[in-house]
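Below is one structure, written out as structure tokens; comments come after it.
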Amino acid sequence: MRSWRLVALLILVVLLPFACSKNDDPMEPGDENGVLMGRVVDSSGEDALGGVVVRLEGTDQTAVTAADGSFEFTDLPGGDFTVVVEPPDGAPYQSNRIEISVHPGGTVAVDCTVLPDSAAPGPIAIYPQSARVGVLESVQFYIGGAGGWIGIEGGGQDGVPYRPTWSIRSEHAIGVLSREGIFIGTAVGSGQVVASLSASVNAIAEIEVVADGDVARIIVHPPYMVEVLAGESRYLAAYAINGAGDVASGVSLMWSVDPATLGTIEPATDLTPEERAEILARLWYGMDDGWGGPTDDDTITVPGDSGGTRPPDPLPPDVDLSDISIVRFTAEMGVQGEARGEIKVGVEGASWAETVGVSVLARGTLTTVYLHPEEVGLALGSEAFFFAYGLNEWDRPIGGLAYAWSVEPASLGTIEEMEGPWMGPNDPADGRPSPDWRGGVVLRATEEGEGTVGCVVTDSLTGASIERTAIVRVAPAPVLDRIQVRPNPIEATLGDSLLVEAVALNTWNDVDWSAQILWSYEGNAGVFVPFDGPHPVDPDSTWSPGGPGDPTDPSIPGSSYGMAYGYFLANNPGGTGTLTATATATGVPGVAGVTVTIDVPIRVLAR
């Protein structure tokens, strides 16, 4: 038995005493009838309610709850029952109706909830609306409506405080269902999960427990919605999970589009192992925050947490790529406006399928081109990255574009087209088999002067063409030029505490992050206290601890690279002094180091 199943078994043992509905008790020899027991509680406050009438609709069996809210019906024949919960007259609660199955020889425990009279929830639905699990596998059910999701610990994402009554209807015992909506399969079979808030507000979901060797579910990415421009393509991938919770091998997944007029789906059989790995890594981890990447030809390892929100159903580690189906969806070119439908993934012979919403948008024509940056200054020998992309008349990026780059004059620099995770002719970034929706180049400055980087973007389908240019200035490498101190001069009254900031600026009027700033103070005006902790840094700067650009050198109080701070404390009326900031920069290769200073007068004013 797998270790995860041992964990599930432990969870099952913990859930049983608190289960809202359980129908998996084994039949004792000669025991033909069942038992229904439970308690009635306030769905918002969880208080036990005594004196509540509980009856089985269609029978003459009635019970009244004890002070702890408990009740019990014994000697019940197997079958489906409707439990009606009726608070006494004058009690500030609504009635509830619970659909539940009792099986011969089994005991069913149900945690019945009732809404306060003041609650008025609208229609609800259960998510997921259908689920398949293996034996000792689990699935969490939620209910939701106009007021937001309900049944989540802590009141739900929109603070809905009500908890429903969860129950199971099935022909034979298939699992247990906790008071929080967690279902754990215990035997192969099918049935329904029912959530009841009141006599008139309830919802039903289908549940099936499958054998270890059967397909329980299909994991698809993108998991919710695919948006494609008419005529363009998008990769999708899926794999099957069996009843044992493992990736199923040798399963043939069937893909289809509904309606078929939205586009076509074809197996992506022309991909190399490296391309497959890259596509899968980006589909599972890279769509929103750049997680993940391929490892080798045969496996993908789940990347570590990088601080974002992981997508649901992460790709299991060490998956054999041959067990994952990758397809290419190509949207029909003639779609006008927007057309919506579904992409379905199923198993041959099964009546169910997982679905992903698909929206096909009219491609339009090349209308606008953006080139970034529009202006840049470079030091001789340094580099700048430019990228361009084209939009249609609805301001959506489109593919099928050709990018032609140039630099004028040609002696100003050299251009090299980029091939990386977001662009390049063979890149499957973000699941797109047609990544030419934008292009990029690196310009390496080789001569001082001024010129332009140009990009001509051409729509290969319509022939439309738009040119954009960016201004480039190549100048001698900037060097430390001056220090700017604020405030200057420093004037304070007795007891004042003023923040003082020094910034080292280069000949380009940018912060020189290679410059180390030191403070010195002379005079009788007060006390100057430099910071010796981290200081704010330019978020666009690049530095390494202890090296040029490191914003702090903890060995020298008040020193930093590029910027420095301190506090002046005025304690002598009429006193004066001088605060000196000295910046020393190592400069750039081939340029000698530079030291600059500034003296800032200090005066303490009388009150």
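Principal axis analysis of the Cα atoms in the stretch 159-235 yields extents of 50, 39, 19 Å, listed in decreasing size.
Can you give me the orientation-averaged projected area of the convex hull built on the Cα atoms of the stretch 449-492, in nm²?
Over all viewing directions, the stretch 449-492 projects a mean Cα-hull area of 7.0 nm².
Derived scalar couplings between HN and Hα for the stretch 102-112 equal 10, 10, x, x, x, 10, 10, 10, 10, 9, 7 Hz in order, rounded to whole Hz, by the Karplus curve 6.51 cos²θ - 1.76 cosθ + 1.60 (θ = phi - 60°), x for Gly and Pro.
Restricted to Cα atoms, the stretch 475-516 shows a radius of gyration and a Dmax of 14.1, 48 angstrom.
Put simply, the stretch 312-394 fits an ellipsoid with semi-axes of 40, 25, 9 Å; these come from the alpha carbon gyration tensor as the roots of five times its eigenvalues, largest first.
What the Cβ-Cβ distance of GLU383 and ALA606 gives, at R0 = 41 Å and to the nearest 0.05, is a FRET efficiency of 0.10. Database remark: amide H of GLU342 closer than 5 angstrom to the amide H of ASP258, VAL358 (H placed geometrically; neighbours at sequence offset of 5 or more, or on other chains; Pro and chain starts carry no H). Net charge in the neighbourhood of VAL53 (other residues with Cβ under 11 Å of its Cβ; Lys, Arg +1, Asp, Glu -1) is -1. Roughly how many whole Å is it from the C-alpha centroid of the stretch 168-219 to that of the stretch 106-121? When both Cα centres are located, 18 Å separates them.
No value in this document is a laboratory result; all are computed from the given coordinates. The model shown is predicted, which means the values in this text are computed figures rather than measured ones. Please note: Cβ atoms are built from the backbone with ideal geometry, for glycine as well, and neighbour counts cover all protein chains shown.
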